[in-house]
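As structure tokens, the structure follows; a few thoughts come after it.
Please treat every number below as a calculation from the coordinates, not as lab data. Note that the structure is a prediction, hence the values are computed from the model and not measured. Quick reminder, even Gly has a Cβ in these numbers, built from the backbone with ideal geometry, and neighbours come from all protein chains shown.
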Amino acid sequence: MKLAWLLVFTGLVAGCAGPLFSRPTPPPVTPAEEAWAAHRAAMAAVDPFTLSGRVAIQRGSEGGGAKLRWHQQGDATDLRIMAPMAQGSFRLQGDGRGVVLTGPDGKRYQAANFEALMAAHVNWSFPVDGARFWVRGIPDPAQEVGHLNLDSAGRLSDLAQGGWRISVLAYRDFGGRTLPAKLFLNAGDLQIRLIIDTWQIPQS
């Protein structure tokens, strides 16, 4: 009799195990999420790139404008900012092992990262490490995302990351690719407006 009850109990447990321990069905992926995943992958593949444009910097009551030309290949950065904030032109170069700033007088300064280097010698900073992703309209994979909003086409419109608020205000077609053309970055009292006039991307 005990064996019969044991067999019945075992059968009941086996019959209930599926519903009790099955994993919940994940929610379906929305069209916007699918579009964002595809767009993010496409933008991450934009490497190397060269962009040219204009930047306006405002910090408190001080501000100014400049032209820029930015070449990025992997971790290697070559960023030229011409005549920013009445301080002349300078060049930022780095490759993950260290960074160098060349001032308008030709003097070279070295540091561990771009922001510390610029804060010490230019009196404002540009978040190069994160911005090399933000200019492509994607988050920096090495930093935590505070929040992220998408537009109706599934592209980045607003992002909080690394102490910065990044808004992509406009996208344009550049040689068959839809890429950011206007961005606004702010952190505290520092505001940076970036207009990208041209993108140069090698044909794959």
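What the table shows:
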| item | result |
| --- | --- |
| The chain: relative contact order in percent, alpha carbon pairs under 8 Å with at least 6 residues between | 19 |
| Read-out Rg/Rh (Cα atoms, Kirkwood Rh), derived from the coordinates shown; its label in (i) 0.95; (ii) 1.03; (iii) 1.26 | (iii) |
| Net charge dipole size for the chain [Lys, Arg +1 and Asp, Glu -1 on Cβ; Debye, nearest 20] | 160 |
| Residues listed by number, the range 88-116, amide nitrogen under 16 Å from residue 75 label point at 7 Å toward C-beta | 93-100, 111-115 |
| Farthest positive-ward along the chain dipole, Cα basis, beta-carbon charges - from 164, 102, 125 | 102 |
| Efficiency of FRET from Cβ geometry, residue 189 and residue 169, R₀ 25 Å, rounded to 0.05 | 0.80 |
| Helical segments meeting 18 Å axial Cα length and Kyte-Doolittle -0.5 threshold in the chain (DSSP H) | 2-21, 31-44 |
| The range 142-204 versus the range 99-131: alpha-carbon centroid distance in Å | 22 |
| Label zone at residue 121 (point 7 Å along Cα-to-Cβ), backbone N below 11 Å, the range 88-109 | 90-93, 99-109 |
| FRET efficiency for residue 112 and residue 178, using Cβ-Cβ distance with R0 set to 25 Å, rounded to 0.05 | 0.10 |
| Trypsin sites (Lys or Arg not before Pro) restricted to the range 95-204 and DSSP loop, no more than 11 other C-beta within 10 Å | 97, 107 |
